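The values are calculated or read from the model by the stated rules, or taken from the named source; none is laboratory data. What you see is a predicted model, and the numbers here were worked out from it, not measured in a lab. Cβ atoms come from the backbone with ideal geometry, glycine included; neighbour counts cover every protein chain shown. We work out accessible area using only protein heavy atoms, side chains counted, and drop any ligands, DNA or RNA first. Shrake-Rupley method; radii C 1.70, N 1.55, O 1.52, S 1.80 Å.
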Amino acid sequence: MNQLNDIETSALQALESVTDEDALQAWKTAHIGRSSPLMQVFAGLGKLSKEEKPAVGQAANRVKLALESAFEARAQIIKDAALAKSLEEEQLDVTLPGRPAPRGRLHPSTVQLRRMLDILAEMGFQVYTSREVETDEFNFQFLNFPLHHPAREMQDSFYVETEGRGDNPILLRTHTSPGQIRAMRDAVAAAPDPANPPPIRIALPGMCYRYEQITARSEIQFNQVEGLAVGTNITFADLKGTLTDFARRMFGQGARVRFRADHFPFTEPSAEMDVECFVCGGKGCSVCKRSGWLEILGCGMVHPNVLMSGGYDPKRYTGFAFGMGPERQAMLRYRIEDIRYFWGNDVRFLEQF
Amino acid sequence: MKLPLSWLKDYLDITGLSPEDIARKLTFGGLEVEEIKYAGWTMPAYGKDDRREFKTEGIAWDRERIVVAEIREVKPHPNADRLTLCDLFDGTQEQVVLTGAPNIFHLKGTGKLPKPIKVAYAKEGATIYDGHADGLVLTTLKRAKIRGVESYSMVCSEKELGISEEHEGIILLDEDAPVGTPLADYMGDAVLEVKINPNMARCASVLGIARELAALLGRELRDKSTHVYTYTGTQGDFATLEITDPTLNPRFVLGLIRDVEIKQSPYWVQRRLKMVGARPINNIVDATNYAMFELGEPLHAFDYDVLVGRVTNSTHKPKILTRAAKDGEKLTTLDGVERTLTPMNVLVCDEKGALSLAGVMGGAESEVTDKTKNILLEGAAWNFINVRRTARQHNLQSEASFRFSRGVHPAMADKGVSLGLKLISEWSGGTVAPGLVDSYPLPPKDPTVEVTPRDVKRVLGIDLTAQQIIALLERVEFKCEIQEPILDTRKPILDIRYSNNESSNIESSNIASPNIESSNIASPNIESSNIASPNIESSNIASSNPESRISVTTPPYRLDIGEGVVGLADILEEIARLYGIENIPATNIADALPPQIGNPIHEWEERLRDLLISLGFIEIVSYRMTSVEKESRLARFDDHVVIANPITPERNVLRRSLLASVLEAAEKNARAESLSLFEIGAVFLPHKNELPDEPRKLAIVMTGRRAATAWDVKDSPVLDFFDMKGRIELLLAGLQLADVSYAPADSAAHLHPGKAAEIKVGDKMIGQFGELHPLVKERYELGASPVLAAEFDLAALTSAQSGFSLAPVPEFPPVYEDIAVIVDESVAAARVESLIRQTGGRSVTDARLFDVYRDEKIGAGKKSLAYALTYQSPEKTLTDAEAAAIRNKIVKRLEQEVKAKLRS
Ligand SMILES: [Zn+2]
């Protein structure tokens, strides 16, 4: 029995000086391992007398449990110490730069187009796309720009080299409006009764082209988004309501708008919608050229000649249309000073969006 | 059109309105004011950062310090030959003013002037522009000694007062200028730059804008008789006229004035012309210009004696004839240029030949000169298309062609000539010959349009009564009549509060003179809101029958109103403008929402963009216009859509290749360490003389390092074929395309023949990709790393969409095993993998290639492919034996099909 006490005392003593995992394992082998003195005691139990056996056995078990629990406690202390040490040692310089991951970016025109189209979609205007190279008829004549009309001067065009097409040359569309005619004609063609075509509510996005010098303020190609609503009960007041809603979604619930008379060949009456400058809140700044207002969008009631070109009877149908420029709005929103950045494809510009 | 408000005041009382008020009214009414330029009038005191409703420039003249004065004597300067000292009276006291003005220099030392010279005098402390500075620099007059003589004030040039650029001499005012009056009161001005839209051609004159503004303000034009200069005299006998084609020349009017003295116009005339942007020439040319700016009718002056000298008939009277030019006919215009004409050009001729290019520019021979005594004055109407095309053809844009090419009503011709004659006689002392020679073969039909309150409601969404509509339209001088007085038994559309007299309908329909109503809606600014407000007197909205038909006749000075449904739209626009677009309410669309069908192709493209962004690509957008040279670096195409009028030879065709666009963008960014770019857009496939096809494509370019350099990762490997393939696999997986296969591409000449693949979905090719061919790459200024390029046809990609099928999440544990097989180099990895999958069937849920290995032990021309296989059954847990059985089957199959050997 004394031997057991000695085993326990010396083992616990030895454990006191154990401070790392290796020493701990060595201690375990030495004191509670198979060939440890304690285990020798268990092995020698068989040689003891019936009387001695239970007492020695009990005592040996007690010592074993004591040593095991001492071992667990010491192991925990060593683990805690190791953790504390590693936490202290593994200090990063968190100000070092992160490892770069590839970074995809949408073109700013796409970003702006999506904003517009998403809002319009929620208002029931669905995307309708059409071709970029058009005939004079679709780009001008059907849209109430008669041949040689002065209004055409507002939209100088790029023409395609052709022969023998007379008054219907091929050109790069100057606006997405030819899609208005194509959409109306599609609807008439698909209608069970062509005299009663269905109402239309579409958004027409896409690239347009005008003959301009390329400068910080003007480009030869630009995106446009037009909206078109045609039906038997659509008024100028509805146009104002729809666009006022659109502006609130686009520029914030507090956005103020104003409408003033303007002229476009394909709408009548026509108007220009200004939005109170979202940069300065209308107080005047360089973005709004001190006026407090930003010209955002042209609009109007679809001209009867346009409705007729599309196959809709202007005596029964009315409609409104509006058009705006994603690049112009992106320029205002992001204070882009030079429109040439858009098609310049410099990643140092594109990466910022 | 520049509108000096001093001139506008001739026609309209603008008391109580600032230039900004006027500009705002015009802008909302469809005549956008782009700028206000002050030259004298009191200007709003804007701080540098203050809000300016309109772009504003110019200078205000201090009423105390800048006044009309008279020079009484011009004396020599004691110490400077080129300077003079002027004795001047400013209305209260005598002053001595130093000047070097050349236009009074000749009076130096002539003693007291018999007639004092009226000048613009700026006193000490006045702020004016520095006449010697480049551009407009403000300066304040201070006391200074110049060559020993004290100077503190100045007689001003036009530049110093912001009237023009002129600084050669001082302003010499008209003799009747009142000495001592503040100059701002005498001739101060503010000029509005008004944008004239095509539908507002009638407003390209002072009268035109005055009329419009009067209507918008609800004011009356001042003394209407002043804008109607009608000669009631007989037909003149000083010339004869022949119009060959009235559709080219609906009207031609001639007047004659004899014994003119050609000299400078009065200063006030010169100043007004400068304010509208014209250069004063002499009293004759100035009178024609002045009349044009005032009425909108361009005039042309001939030297009558030159024409008489050319007469070949016996009457000794010029015979004027108008006709289309003959092809190749020549005319020297008064700018000295000989012009070769086409039948599109219209000519004014006499018996001997062409005199002037109608509506655009006069001829040199019959031009008015200093020696001219008798003036033949032309006012005409021309087909606007011919004038417009002629002006463009000969690059002769002028104030006259600006107006004629937008259309001038023929009724203005005699009014213009009459005003021109009146002005010439006043300014030159000539005598007007009796009568006008007037040929008017094609008077325009001033359309009459029918409009009802229901039309107004249907299109504009506002309720107006017939009387209100009439009141608005009469402001712009439409003649209105209620066509069918209908006794209305229905309830008025407007709120009952408006109409406390139930029988008022009858009353209203009997009202013969609509003037009574119109005066009720005359008050400015708030007029339109009155219409809709309950304040309006009930008698005004007496007739609220929505079916009342109003026939509306266009006044004889505008050409922008059409017939029928178009005319109706034109009239509705007038109603909207005059009612005030800002006063129309904003409502929600009540019409049915059309079926929402979406746009699958557009949505598909957007999804593609999102996937590409998530894979780290940057979207670019390129010019669609390029050149054959630029594209041929990538590939040669037989033909292109060719631009007939390119802005530069570098952009003279529409692109055939989207990949060429993206490669150009990569080239521009060649200095970037790593590039992953894509573009989605159309390319253009020509059809001779027809519209091109516009298939949409996706092009991708990758080059440079796999990852950008980081502080701890140096020299990341360069991107290669398999980097691109990995992205493409993810992209197609993201699109949930099934049955995708890759095969060596043999049709892609621009790609490296050994590193090019075509991509198929089923048996449909959707695109190809690979490393750029070294010879192609050489033609681009790109870095040393390989350039990877892919191009997809979006239509093929869209139509390849396969249905989605969900694989169940496995319930039983998998068995993993690696096997390596040795095959000939010529055996494609894809073939081995497909054999493994085929043989394993649904028990092999994955076969991932993790190593490709070659060495001598394996043997030359051989490679080892190592696969990590996953065996799994949807029904049970596979035993090792079952897995081994599958493996054995696979190995056996590989041995048979591709002579593979299992590597131990
Ligand atoms: Zn602002």
inquiry  = So A:ASN223 ticks every box in (1) within 16 Å of the ligand (Cβ to nearest atom); (2) touching a residue at least 24 places away in the same chain (Cβ under 8 Å); (3) touching a helix residue (DSSP H, G or I) at 6+ places or on another chain (Cβ under 8 Å) but one. Which box is left unticked?
reply    = (1)
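Please indicate, with yes or no, whether at least one residue in the stretch B:705-717 is among the basic types (Lys, Arg), within 38 Å of the chain's Cα centre (by Cα) and not assigned by TED's automatic domain parsing to the domain that holds B:LEU849.
At the first step, the residues of the stretch B:705-717 found to be among the basic types (Lys, Arg) are B:705-706, B:714.
Imposing the further condition that a residue be within 38 Å of the chain's Cα centre (by Cα) reduces the set to none.
No, the conditions are met nowhere in the stretch B:705-717.
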Check on A:LEU350, in contact (Cβ under 8 Å) with a residue 40 or more places away in the chain, within 16 Å of the ligand (Cβ to nearest atom), within 20 Å of A:ALA216 (Cβ to Cβ) and not charged (D, E, K, R) = no
request  = Starting from the stretch A:60-89, take each residue that is farther than 13 Å from A:THR9 by Cα and list its partners that are hydrophobic (A, V, I, L, M, F, W, C) and open to solvent by 70 Å² or more (accessible area, probe 1.4 Å), counting only C-beta distances under 7 angstrom and pairs at least six apart or across chains.
outcome  = none
Counted residues, the stretch A:150-191 - those being within 11 Å of chain B (Cβ to nearest Cβ) and of a type in the set (Asp, Glu) = 4
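For every residue, the table says whether it meets (1) open to solvent by less than 60 Å² (accessible area, probe 1.4 Å); (2) part of a strand (DSSP E or B); (3) closer than 21 Å to B:GLY162 by Cβ; (4) among the charged types (D, E, K, R).
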{"site": "B:LEU31", "(1), (2), (3), (4)": "yes, no, no, no"}
{"site": "B:LYS48", "(1), (2), (3), (4)": "no, no, yes, yes"}
{"site": "B:ASP62", "(1), (2), (3), (4)": "yes, no, yes, yes"}
{"site": "B:VAL74", "(1), (2), (3), (4)": "yes, yes, no, no"}
{"site": "B:LEU85", "(1), (2), (3), (4)": "yes, yes, no, no"}
{"site": "B:ASN103", "(1), (2), (3), (4)": "yes, no, yes, no"}
{"site": "B:HIS106", "(1), (2), (3), (4)": "no, no, no, no"}
{"site": "B:GLU124", "(1), (2), (3), (4)": "no, no, yes, yes"}
ask   = With B:ALA699, B:ALA710 as the choices, which residue is free of Cβ contacts under 8 Å to residues at least 12 places away in the same chain, open to solvent by less than 20 Å² (accessible area, probe 1.4 Å), hydrophobic (A, V, I, L, M, F, W, C) and on the phi < 0 side of the Ramachandran plot?
value = B:ALA710
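Residue under question is B:THR452, and the condition is that it be of a type outside the set (Gly, Ala, Ser), within 14 Å of chain A (Cβ to nearest Cβ) and surrounded by 17 or more Cβ atoms within 10 Å (Cβ to Cβ); does it hold? Walk me through it before giving the result.
Working: of a type outside the set (Gly, Ala, Ser): yes; within 14 Å of chain A (Cβ to nearest Cβ): yes; surrounded by 17 or more Cβ atoms within 10 Å (Cβ to Cβ): yes.
Yes: the conditions hold for B:THR452.
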query = Scanning the stretch B:834-845 for residues that are open to solvent by 60 Å² or more (accessible area, probe 1.4 Å) and either not β-branched (Val, Ile, Thr) or not assigned by TED's automatic domain parsing to the domain that holds B:ASN888 (or both), which turns out farthest from B:ASP880 (Cα to Cα)?
reply = B:GLN838
query = So, of the residues in the stretch B:360-385 that are in contact with a His (Cβ under 9 Å, 6 or more places away or on another chain) and within 14 Å of chain A (Cβ to nearest Cβ), which turns out to be farthest from B:THR431 (Cα to Cα)?
reply = B:ILE385
request  = Go through (1) over 20 Å from A:LEU332 (Cβ atoms); (2) within 16 Å of the ligand (Cβ to nearest atom); (3) of a type in the set (A, V, I, L, M) one by one and return the number of the condition A:ALA321 breaks.
outcome  = (2)
inquiry  = Tell me whether the stretch A:251-261 contains one or more residues that are facing chain B (nearest Cβ under 7 Å), more than 34 Å from the chain's Cα centre (by Cα), open to solvent by less than 20 Å² (accessible area, probe 1.4 Å) and of a type in the set (Gly, Ala, Ser).
reply    = yes
query = How many residues are buried (at least 18 other Cβ atoms within 10 Å of the Cβ) and more than 14 Å from chain A (Cβ to nearest Cβ) if we restrict to the stretch B:397-411?
reply = 4
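Residues of the stretch B:67-98 being in contact with a Cys (Cβ under 6 Å, 6 or more places away or on another chain) and touching a residue at least 60 places away in the same chain (Cβ under 8 Å), which ones? First the steps, then the outcome.
First, the residues of the stretch B:67-98 that are in contact with a Cys (Cβ under 6 Å, 6 or more places away or on another chain): B:71, B:74, B:97.
The one that is in contact with a Cys (Cβ under 6 Å, 6 or more places away or on another chain) and touching a residue at least 60 places away in the same chain (Cβ under 8 Å): B:ILE71.
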task = Tally the residues that are in a strand (DSSP E or B) and out of contact with any strand residue (DSSP E or B) (no Cβ under 6 Å at 6 or more places or on another chain), restricting the search to the stretch B:740-790.
result = 4
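Kindly indicate which of B:GLY309, B:GLY359 is without any contact (Cβ under 8 Å) to a residue 24 or more places away in the chain and either within 30 Å of B:ASN199 (Cα to Cα) or assigned by TED's automatic domain parsing to the domain that holds B:ASN283 (or both).
B:GLY309
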message = Under 9 Å between Cβ atoms, which residue pairs at least 6 apart in sequence (or on different chains) link something in the stretch A:163-175 that is touching a residue at least 40 places away in the same chain (Cβ under 8 Å) with a partner that is open to solvent by 50 Å² or more (accessible area, probe 1.4 Å) and outside any loop (DSSP other than H, G, I, E, B)?
response = A:LEU172/A:TYR159
key: Tally, over the stretch B:570-605, of residues that are facing chain A (nearest Cβ under 7 Å), in contact with a helix residue (DSSP H, G or I) (Cβ under 7 Å, 6 or more places away or on another chain) and open to solvent by 10 Å² or more (accessible area, probe 1.4 Å)   = 6
query = Given (1) out of contact with any Ser or Thr (no Cβ under 8 Å at 6 or more places or on another chain); (2) open to solvent by 20 Å² or more (accessible area, probe 1.4 Å), where does B:ALA291 come up short, assuming only one miss?
reply = (2)
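Those residues that are away from the ligand (no atom under 16 Å from the Cβ), within 21 Å of A:GLU327 (Cα to Cα) and either open to solvent by 10 Å² or more (accessible area, probe 1.4 Å) or within 28 Å of the chain's Cα centre (by Cα) (or both), I need them from the stretch A:281-313; list them, please. Break it down into steps so the answer makes sense when it comes.
Step one: filter the stretch A:281-313 for residues away from the ligand (no atom under 16 Å from the Cβ), giving A:297-313.
Applying the additional criterion that residues be within 21 Å of A:GLU327 (Cα to Cα) yields A:297-299.
Listed by number, the residues that qualify are A:LEU297, A:GLY298.
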inquiry  = Give me the residue from the stretch A:97-120 that is in contact (Cβ under 8 Å) with a residue 24 or more places away in the chain and open to solvent by 50 Å² or more (accessible area, probe 1.4 Å) and, out of that set, nearest to the other protein chains (Cβ to nearest Cβ).
reply    = A:ARG105
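With the requirement that a residue be facing chain A (nearest Cβ under 8 Å) and buried (at least 22 other Cβ atoms within 10 Å of the Cβ), what does the stretch B:646-663 give you?
Start the filter on the stretch B:646-663 by keeping residues that are facing chain A (nearest Cβ under 8 Å), which leaves B:646-647, B:651, B:654.
Answer for the stretch B:646-663, where residues must be facing chain A (nearest Cβ under 8 Å) and buried (at least 22 other Cβ atoms within 10 Å of the Cβ): just B:LEU654.
Can you find even one residue in the stretch A:262-270 that is within 16 Å of the ligand (Cβ to nearest atom) and either within 24 Å of the chain's Cα centre (by Cα) or more than 7 Å from every other protein chain (Cβ to nearest Cβ) (or both)?
Kept after step one, since they are within 16 Å of the ligand (Cβ to nearest atom), are these residues of the stretch A:262-270: none.
Among the residues of the stretch A:262-270, not one is within 16 Å of the ligand (Cβ to nearest atom) and either within 24 Å of the chain's Cα centre (by Cα) or more than 7 Å from every other protein chain (Cβ to nearest Cβ) (or both), which makes the answer no.
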task = Looking at (1) at positive phi; (2) buried (at least 24 other Cβ atoms within 10 Å of the Cβ); (3) small (Gly, Ala, Ser), find the lone condition where B:GLY416 falls short.
result = (1)
note = Of (1) closer than 27 Å to A:ARG173 by Cβ; (2) facing chain A (nearest Cβ under 10 Å); (3) of a type in the set (Phe, Trp, Tyr), B:PHE617 fails just (1)
